[in-house]
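Contents: one structure, followed by commentary.
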Amino acid sequence: MTENTPSLYEQLGGEAAVNAAVDIFYRKVLADYRINRFFNNTDMERQAAKQKAFLTMAFGGPNNYTGTDMRTAHAHLVEKFGLDDSHFDAVMEHLTATLKELNAPQNLIDQVAAIAESTRDDVLNR
Amino acid sequence: MSTTTITFEDRPVACQTGESVLDALLREHIDIPHGCKQGACQSCMMKSLDGAPPPEAQNGLKDVLRHQNHFLACLCYPQRDMRVGRHTSQQFNRATVIGKQPLNSETLLLTLHCHGVMDFHAGQFVHLKRADGLSRSYSIANSRRHAHRLSFHIRRLPGGRFSEWAHGELNVGDDIEVSDPQGLCYYLPDDKERNMLLIGTGSGLAPLAGIIEEALHQGHSSEIHLYHGSREVDGLYWVDEMRELAQRHAHFHYTPCISRGNAPQGIAQGRANDVALAAIPQLKDWRLYLCGHPDMVNQSKRQAFMQGARLQDIHSDAFHVASSTQE
Ligand SMILES: Cc1cc2nc3c(=O)[nH]c(=O)nc-3n(C[C@H](O)[C@H](O)[C@H](O)COP(=O)(O)OP(=O)(O)OC[C@H]3O[C@@H](n4cnc5c(N)ncnc54)[C@H](O)[C@@H]3O)c2cc1C
Ligand code: HEM
Ligand code: FES
């Protein structure tokens, strides 16, 4: 491997790819009765900004989130709204479907899925 | 992502997770002007003194203000410690009332002559301020063709301090102060081939009328659909004017709607947003303008997004009424 190997984030297309993915992903989440109650906050711009943070992280892009941050961000969802594996699986489905829709190659999709999967225990506060 | 410290005029204030800068400062009895607490009225604008504020706290601000690190305190949930200052006081321009006409039993058409040239985009709003300092946001109802003239549709709210005063006491010949134009819900002449859907309730017609006038003037070539709603027929206005406009421009379509009682011939039955979004199920590549009641705006935004519109193509002004404690 040379030092110039582009990162996963670069291979996916960087911020432009995230921007293209946000609307598609967010629409899927809002349309899914299994999980849309978690996103019923009316402030759509703020929600979209969070979705962007989520996708940037999953795409291997620049972010300052730690595992502890993931715990704090989702703790109230686990405690008050019963966030569990089934919801996590639904988000994983929408994430991969979004990338397929954007014609991302399967090997990159697998890497994104692996990053998101690695946060499961933090997100579910286990 | 835990507690951060906001420094305001050398005073440190703790900001809890999930608490906005505005709420943190108000909790410490620091007097920051504010209104809607929803990012709509822009009266809580502040300035970050140590670098860029969170991007979502700059929603709806003009580029110049963004670059100068201005932000809306009610939308600012800090991710780091911040030093903040007051937004150097708003620029106000003097204007004289040159017209006052009823549009219907509750809405007034107020026309001002501005002493300076106003550089605005059709659809933006200003703060109108009377002599004692009481100020409220109102949308400009005309196009940019009139550099000195601004008109407004002011709906009277029973017990409303500004609107009752404007209806009852403000007279032709009186002076009033007008802020610089604000907001991002305006017509963009760069994309004349995109269809536009405009939905307004009550005096939400004001900015939409300005946008339509501007779009037709600019030669917008695609479809323009306007849905204006009210509870009853009495709450509508400019029905004849809009019908006449639709007759003159084949690509402009107008549908007045009432949500209560039986709609007479030529008026649709139902809430304006329901009627509009049912009539146009596929909104991919459309531009949307939503103005008026905050519930209507929020519901329509979500629905339009689900029907294919991009978030960045949905422009809106929710007419949040200031809280009763605000001066
Ligand atoms: C971006 C934007 C654009 C806008 N554009 C327009 C426009 O084009 N046209 C328009 O008509 N409006 C518009 N508005 C709304 C406008 O700014 C004012 O909020 C509205 O006119 C009410 O102001 P007011 O001073 O008359 O009422 P306020 O005095 O602020 O009172 C608001 C309501 O609260 C009630 N109230 C007041 N005090 C009390 C109390 N002590 N206890 C209980 N209830 C109380 C009043 O009865 C009234 O119903 C816009 C708002 C925004 C944010
Ligand atoms: C797949 C792994 C996940 C990752 C990497 C992730 C990442 C994130 C990130 C980065 C934020 C923003 C935190 C902030 O800045 O405040 C966030 C917020 C949030 N997440 Fe997740 N998330 C994941 C799974 C989920 C799941 C499964 C749900 C629920 C179905 C969920 C619901 C939320 C909600 C509701 C918010 C808060 C939004 C708000 O405050 O408005 N997340 N997440
Ligand atoms: S925009 Fe912050 S209070 Fe209205």
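What follows is calculated from the coordinates using simple rules that are stated; it is not laboratory data. As the structure is a computational prediction, the values presented were derived from the model and not from experiment. Here the Cβ is made from the backbone with ideal geometry for all residues, glycine too, and neighbour counts use every protein chain on show.
The three principal axes of the Cα atoms in segment B:185-244 give end-to-end lengths of 36, 24, 15 Å, sorted in falling order.
Under the definition of partner shielding as Cβ atoms of other protein chains within 10 Å of a residue Cβ, what is the mean value for peptide A:43-50? Before the final figure, lay out each step's value.
On the way: counts 7, 7, 10, 7, 2, 4, 5, 1.
Per residue, the average neighbour count from other chains is 5.
For segment A:1-66, trypsin sites (Lys or Arg not before Pro) are listed when DSSP marks them as loop and at most 15 other Cβ atoms sit within 10 Å of their Cβ; the list is A:Arg34.
Against chain A, whose longest principal axis is taken from its Cα atoms, helix A:85-101 shows a tilt of about 40°.
Contact order, relative form, for chain A: 34 percent (alpha carbon pairs under 8 Å, 6 or more residues apart, mean separation divided by residue count).
Spatial offset of segment B:175-202 relative to segment B:57-129 amounts to 13 Å, using the alpha carbon center of each.
Sum -39500 (n - 2.57) across every DSSP H segment of at least 4 residues in chain A, then divide by the residue count to get the 222 nm mean residue ellipticity, nearest 500. If you can, show how the numbers build up before the last one.
Values: 7 runs with 86 residues, N = 126.
Using -39500 (n - 2.57) per qualifying helix, the result is -21500 deg cm²/dmol.
At the listed q of 0.12, 0.13 Å⁻¹, the Debye profile of the protein assembly as shown, built from one uniform point per Cα, gives log10 I(q)/I(0) equal to -1.13, -1.28.
Let a ≥ b ≥ c be the square roots of the eigenvalues of the Cα gyration tensor of segment B:12-149; is it rounded (a/c under 1.5), or, if not, prolate (a/b larger than b/c) or oblate? It is prolate, given that a/c is not under 1.5 and a/b is the larger ratio.
Mean silhouette area of chain A, derived from the convex hull of its C-alpha atoms and averaged over all directions, reads 8.1 nm².
Annotation: the antiparallel percentage among DSSP beta bridges lying fully within the protein assembly as shown is about 60. Simple rule: put +1 on each Lys or Arg Cβ and -1 on each Asp or Glu Cβ in the protein assembly as shown, find the dipole, and look at A:His94, B:Gln68, A:Thr68; the Cα lying farthest toward the positive end is B:Gln68. In a Debye calculation with equal point scatterers on the alpha-carbon sites of chain B and no solvent, what is log10 I(q)/I(0) at q = 0.11, 0.15 Å⁻¹? Each listed q maps to, in turn, -0.73, -1.28.
Summary: within chain B, the longest segment free of trypsin sites (Lys or Arg not before Pro) located in DSSP loops with at most 10 other C-beta atoms within 10 Å is B:1-144.
Once a ≥ b ≥ c are taken as the square roots of the eigenvalues of the Cα gyration tensor of segment B:92-179, is the result rounded (a/c under 1.5), prolate (a/b larger than b/c) or oblate (a/b not larger than b/c)? Let's see the in-between values first.
Values: a/c = 1.61, a/b = 1.35, b/c = 1.19.
Verdict is prolate for segment B:92-179.
Which value at 222 nm does chain B reach when only helices count, each DSSP H run of 4 or more adding -39,500 (n - 2.57), with the total divided by all residues and rounded to the nearest 500 deg cm²/dmol?
Values: 7 runs with 64 residues, N = 327.
That comes out to -5500 deg cm²/dmol.
Restricting to Cα pairs below 8 Å that are 6+ residues apart, what does the relative contact order work out to for segment B:189-318? Please round to a whole percent. Don't jump to the answer; show the numbers that get you there.
Details: 234 pairs, mean separation 35.4, N = 130.
Once divided by the residue count of segment B:189-318, the mean separation gives 27 percent.
Using Cα-Cα distances under 8 Å and only pairs 6 or more residues apart, what relative contact order does segment B:46-107 have, in percent?
Numbers: 60 pairs, mean separation 24.4, N = 62.
Rounded, it is 39 percent for segment B:46-107.
The GluC sites (Glu not before Pro) of segment A:1-110 that DSSP puts in a loop, and whose beta carbon has at most 12 other beta carbons within 10 Å, are A:Glu3. Pairs from the table (A:Lys28/B:Lys192; B:Lys192/B:Lys284; A:Lys28/B:Lys284; B:Lys100/B:Lys129) lying more than 21 angstrom apart at Cα are A:Lys28/B:Lys192. For segment B:126-166, the pair-distance distribution built from all alpha carbon pairs, in bins 10 Å wide starting at 0, is 27, 50, 21, 2 percent. Along each principal axis, taking the top coordinate minus the bottom one, the Cα set of segment B:3-86 gives 29, 26, 22 Å in descending order. A quarter of the convex hull surface defined by the alpha-carbon atoms of segment B:146-292 gives 10.5 nm² as the mean projection.
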